[in-house]
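Okay, structure first, notes after.
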Amino acid sequence: MHLSRDNVSFPQMPTSGSLPKIERKKSKLHGYGVFALETINKNKRIIDYAGELISNKQSEAREDKYLSKGCIWVFRVNRNWSRDANVNGNIARFVNHSCTPNCWIEVDGKTKTIWIRAAKQIRKGQELTYDYNTEGDKVIPCRCRPGCKTKL
């Protein structure tokens, strides 16, 4: 599902520390992306990947539906659970894939919370990316750089 406005506010999970400011806007990589509104230091938690917690069995039909639209919005948490960011998700669902990402993923096994963290210092205005590490049938071509042969 694509929203019609470029700048839409999405809630972020509250934490004891402040999260960096980010925004969703058109991306050169794919559709919309998420961009830093300030410098983000290495290893800083940026945002949680929110969405409905569903069983991996439930996720299969949803994944097929989203893939047919060229989107990957279901994030596999572990061998039993997934998060569907198309249902109760936030701006994190618009963070695009890259084979050379500037973010990494941290999964809290107890809460099943997925954190997107800075892999290096990210400058104001840079697009946030992480490696989706997809499994199974690779059907979406990667657009992280010209000539990339990776399939997602």
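Quick notes on this one:
- Of all residues in the range 61-70, none are assigned to a strand (DSSP E or B) and within 25 Å of I22 (Cα to Cα).
- For the range 75-90, the set of residues classified as open to solvent by 10 Å² or more (accessible area, probe 1.4 Å) and within 16 Å of T129 (Cα to Cα) consists of F75 only.
- Selection within the range 91-109 - closer than 13 Å to Y132 by Cα, part of a strand (DSSP E or B) and open to solvent by 10 Å² or more (accessible area, probe 1.4 Å): N96, H97, W104, I105, E106
- Within the range 71-90, the set of residues being among the β-branched types (V, I, T) and assigned to a loop (DSSP other than H, G, I, E, B) comprises I72, V77, V87.
- Residue list for the range 110-135, restricted to those being touching an Asp or Glu at 6+ places or on another chain (Cβ under 8 Å) and part of a strand (DSSP E or B): T113, I114, W115, I116, R117
- Looking only at the range 110-135, and only at residues there that are open to solvent by 80 Å² or more (accessible area, probe 1.4 Å) and at negative phi, the one that is modelled with the lowest pLDDT: E135
- Residue that is more than 21 Å from L152 (Cα to Cα) and touching a Gly at 6+ places or on another chain (Cβ under 8 Å), where the choices are N88, N96: N88
- Close pairs from the range 140-152: first within 13 Å of H30 (Cα to Cα), partner loosely packed, with under 11 Cβ neighbours inside 10 Å and of a type in the set (V, I, T), Cβ under 8 Å, at least 6 apart: C144/T100; R145/T100
- Within the range 92-105, residues that are touching a residue at least 12 places away in the same chain (Cβ under 8 Å) and hydroxyl-bearing (S, T, Y) sit with their Cβ atoms under 6 Å from residues that are surrounded by 21 or more Cβ atoms within 10 Å (Cβ to Cβ) and in a strand (DSSP E or B), at 6+ positions apart or across chains, in these pairs: S98/T129.
- Residue count for the range 12-28, restricted to those that are over 16 Å from I40 (Cβ atoms), part of a loop (DSSP other than H, G, I, E, B) and at pLDDT 90 or above: 2
- Just one of the numbered conditions (1) open to solvent by 30 Å² or more (accessible area, probe 1.4 Å); (2) in contact with a Phe, Trp or Tyr (Cβ under 7 Å, 6 or more places away or on another chain) is not true of L37: (2).
The values are calculated or read from the model by the stated rules, or taken from the named source; none is laboratory data. Since the structure is predicted, the reported quantities are computational estimates derived from the model, not experimental observations. Glycine also receives a Cβ, built like all others from the backbone with ideal geometry; neighbour counts cover every protein chain displayed. Note: accessible area is taken over every heavy atom of the protein model, side chains too, but ligands, DNA and RNA are not part of it. Shrake-Rupley method; radii C 1.70, N 1.55, O 1.52, S 1.80 Å.
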